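Trainee: For reference, the structure I am asking about is given below.
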Amino acid sequence: MSHLKFKPESLMMSYGHHAADAQGAVKAPLYQTSTFAFRSAEEGKAFFELAYGLREPQGEESPGMIYSRLNNPNLDIVEQRLCLWDNAEEAAVFSSGMAAISTVMFEFLHPGDVLLYSSPLYGGTMHFITEVLAKMGIGAFGFTGEESPEAVLARLRAEGLDGRVAMVYIESPANPTNLLTDIEAMSLLAAELSQPSRPVLTVVDNTYMGPAWQHPLELGANLVLYSATKYLNGHSDLIAGAVLGNKELMERVKIMRTFLGNMASPWASWMLMRSLETLSLRMEKQCSNARLVAQFLNNHPLVERVNYLGLLTEEDGEQYDIYRRQCTAPGAMISIYIKGGENEAFAFLNGLKLFKLAVSLGSTESLAQHPATMTHAGLPTEVLESLGVNGQLVRLSIGIEHPDDLILDLNQALAGVEMALEEALANW
């Protein structure tokens, strides 16, 4: 029976590793080496010819190990396993999520191009687009998930930018508001904006949903990105990123990675292999917990609004329709608006005991943070306010703890909000 007939959950234990090549070791060893010895000068020549694309491989020939900036057995195995989750042809793993994002943008964007991006985005990505790319003469044009592709195209044409778009960059659900963007519809817009000599790529940051709850490549995206620090690793003990897509695009990504030198280390790759074995179990539990937490928060009098995909109904119109078509589950990220403002939000955050007050997401422990003053603090206040990122907003990443304990912790922390509101009223 072919390996590919098994589900990814089963293949995470062994795919890409051959015990016979490692003294019979059931688990892949850590290949903590910078360089690899060739059996002959002719073999070294052949390896480099393939690595640098100087010739096509013959038959079953594949690039051998040369140097860990180019390839490494641990890096190779984890990339093969990642491909199974998104049904991708190739994957590249990086030293961080931002390394993955910046490498893709450096490779496919050039001075004079325009990047069409969904808003809001993760603060680090937004800074890179508006500050770093701007210095290179690359323009940026934002849109929200509530806009139709037709409306976006009309605005582009009104400003004479439709012929300069080189990439559509999407983060869906949006960080930190959970606003959805229609990936399929925007991929069709990218195709409409494309020219024979100038294809427009659709690139999706799928960090918020991970490979278990959304599959952008199946929705028309050309590349899918992850901060592998989050759900892919899920243990808050390493930093990594990943990009997946077809062989043609990924060859370009990997060549750029080689010369930027921002690949994941053997140790980080080995750790990711460990984590992928439990990805499905972790994400199922996190989603189950998040559903219960969101229902509790949605009924709490001190919570003004809850943004969680699992609470969307037909009354939410297009957002509900996108969710039903695009996602397999509502995920484990919840954004809530505390009644009051920043003071009340801080009172809530400071009152948490089980939740950890920390940035990041997707790990086994539950986390809480204040986007307006933390992850998105570098963006102008007026921009944040227009996107719904204000002092009231708190972002929650739900872990695998017992749901009763998570709800108990949230409930007692919200009691602190009540006291803060009463104090504010008394001082008014």
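The numbers here are math on the coordinates, done by the rules we state, and not lab data. In this text the structure is predicted, and so the values were computed from the model without any measurement. With ideal geometry, Cβ positions are generated from the backbone for all residues, glycine too; neighbour counts draw on all protein chains shown.
Trainee: Treating the Cα atoms of the stretch 174-277 as identical point scatterers in vacuum, please give the log10 of the normalised Debye intensity I(q)/I(0) at q = 0.11, 0.12 Å⁻¹, two decimals.
Mentor: -0.40, -0.48
Trainee: Sticking with this one: What whole-number distance in Å separates the alpha-carbon centres of the stretch 157-186 and the stretch 323-392?
Mentor: 22
Trainee: Here's something else I'd like to know. Apply the Debye scattering formula to the stretch 188-233, with a single equal point scatterer on each alpha-carbon and no solvent, then give log10 I(q)/I(0) at q = 0.21, 0.29, 0.32 Å⁻¹.
Mentor: For the stretch 188-233 at q = 0.21, 0.29, 0.32 Å⁻¹, log10 I(q)/I(0) is -0.69, -1.00, -1.13.
Trainee: So, by mean Cβ neighbours within 10 angstrom, what's the order for 15-22, 249-256, 334-341 with the highest one leading?
Mentor: Values: 15-22: 14.0, 249-256: 18.1, 334-341: 21.6.
Highest mean packing first, the order is 334-341, 249-256, 15-22.
Trainee: Follow-up. Return the percentage of antiparallel bridges among DSSP beta bridges fully within the stretch 135-286, rounded to the nearest 5 %.
Mentor: Working: 6 of 14 bridges.
Of those bridges, close to 45 percent are antiparallel.
Trainee: Students often forget the sequence filter, so: which aspartates and glutamates lie under 16 Å Cα-Cα from LYS353 once same-chain residues fewer than 8 apart are removed?
Mentor: Cross-link targets: GLU365, GLU401, ASP404, ASP405, ASP409.
Trainee: Based on the alpha carbon coordinates of the chain, what radius of gyration and maximum Cα-Cα distance (Dmax) apply, in Å?
Mentor: Radius of gyration, then largest Cα-Cα span, for the chain: 22.7, 83 Å.
Trainee: Suppose we keep just the alpha-carbon trace of the stretch 89-207; what are its Rg and Dmax in angstrom?
Mentor: 13.5, 40
Trainee: Under a GNM of the chain (C-alpha, springs under 10 Å), which listed residue has the highest mean-square fluctuation: ALA151, ALA242, ALA347?
Mentor: Result for the chain, Cα springs under 10 Å: ALA151 fluctuates most.
Trainee: Using Cα-Cα distances under 8 Å and only pairs 6 or more residues apart, what relative contact order does the chain have, in percent? Numbers along the way, then the final one.
Mentor: Numbers: 777 pairs, mean separation 67.9, N = 428.
Relative CO of the chain lands at 16 percent.
Trainee: Counting pairs of alpha carbon atoms under 8 Å apart in space and at least six apart in sequence, what relative contact order in percent does the stretch 194-349 give? Write out the running numbers ahead of the final one.
Mentor: Details: 172 pairs, mean separation 33.0, N = 156.
Relative contact order, the stretch 194-349: 21 percent.
Trainee: Hand me the GluC sites (Glu not before Pro) from the stretch 83-154 located in a DSSP loop with no more than 12 other Cβ atoms within 10 Å, in residue order please.
Mentor: Details: sites: GLU89, GLU90, GLU107, GLU131, GLU146, GLU147, GLU150; in loops: GLU89, GLU146, GLU147.
Of the GluC sites (Glu not before Pro), the ones in loops of the stretch 83-154 whose Cβ has at most 12 other Cβ atoms within 10 Å are GLU146.
Trainee: Can you tell me what share of the DSSP beta bridges in the stretch 279-426 is antiparallel? A percent to the nearest 5 is fine.
Mentor: Numbers: 12 of 14 bridges.
Antiparallel bridges make up about 85 percent of those DSSP assigns within the stretch 279-426.
Trainee: Among GLY124, GLY234, GLY210, whose mean-square fluctuation peaks in a Gaussian network model of the chain (Cα, cutoff 10 Å)?
Mentor: Comparing GLY124, GLY234, GLY210 in a Gaussian network model of the chain, the most mobile one is GLY124.
Trainee: I need to check one value: relative contact order of the stretch 279-426, counting alpha carbon pairs closer than 8 Å and at least 6 residues apart, in percent. List each step's numbers first, then the result.
Mentor: On the way: 228 pairs, mean separation 43.8, N = 148.
About 30 percent, as a whole number.
Trainee: Could you work out the per residue convex hull volume over the alpha carbons of the stretch 279-426, in cubic angstrom? Intermediate values should be presented prior to the final figure.
Mentor: Values: hull volume 17.7 nm³, N = 148.
Residue-normalised Cα hull volume stands at 120 Å³.
Trainee: Run the helix sum for the chain: -39,500 (n - 2.57) per DSSP H stretch of 4+ residues, divided by residue count, reported at 222 nm to the nearest 500 deg cm²/dmol.
Mentor: Values: 15 runs with 165 residues, N = 428.
Calculated at 222 nm, the ellipticity per residue is -11500 deg cm²/dmol.
Trainee: Among the listed pairs LYS230/LYS285; LYS7/LYS230; LYS27/LYS230; LYS7/LYS356; LYS254/LYS285, give every one whose C-alpha distance is greater than 25 Å. Let's see the in-between values first.
Mentor: Details: LYS230/LYS285 15 Å; LYS7/LYS230 22 Å; LYS27/LYS230 23 Å; LYS7/LYS356 34 Å; LYS254/LYS285 34 Å.
From LYS230/LYS285; LYS7/LYS230; LYS27/LYS230; LYS7/LYS356; LYS254/LYS285, over 25 Å: LYS7/LYS356; LYS254/LYS285.
Trainee: How far, in degrees from 0 to 90, does helix 247-260 lean away from the longest principal axis of the Cα atoms of the chain, to the nearest 10?
Mentor: Tilt of helix 247-260: around 90 degrees.
Trainee: Right, next: What fraction of the Cα pairs in the stretch 309-360, stated in percent, has a spacing above 19 angstrom?
Mentor: 48
Trainee: Just to be sure I understand: of the beta bridges DSSP finds with both ends in the chain, what percent are antiparallel, rounded to 5?
Mentor: Numbers: 26 of 46 bridges.
Close to 55 percent.
Trainee: Which of ALA100, ALA332, ALA185 moves the most in a Gaussian network model of the chain with Cα springs under 10 Å?
Mentor: In the Gaussian network model the winner is ALA185.
Trainee: Give the residue list of trypsin sites (Lys or Arg not before Pro) in the stretch 31-69 that are DSSP loop and have at most 14 other beta-carbon atoms within 10 angstrom. Write out the running numbers ahead of the final one.
Mentor: Working: sites: ARG39, LYS45, ARG55, ARG69; in loops: ARG39, ARG55, ARG69.
Sites meeting the loop and neighbour criteria: ARG39, ARG55.
Trainee: Using the alpha carbon gyration tensor of the stretch 1-54, what are the three equivalent-ellipsoid semi-axes (square root of 5 times each eigenvalue), largest first, in whole Å?
Mentor: Working: eigenvalues 166, 55, 22 Å².
Semi-axes from the Cα gyration tensor: 29, 17, 11 Å.
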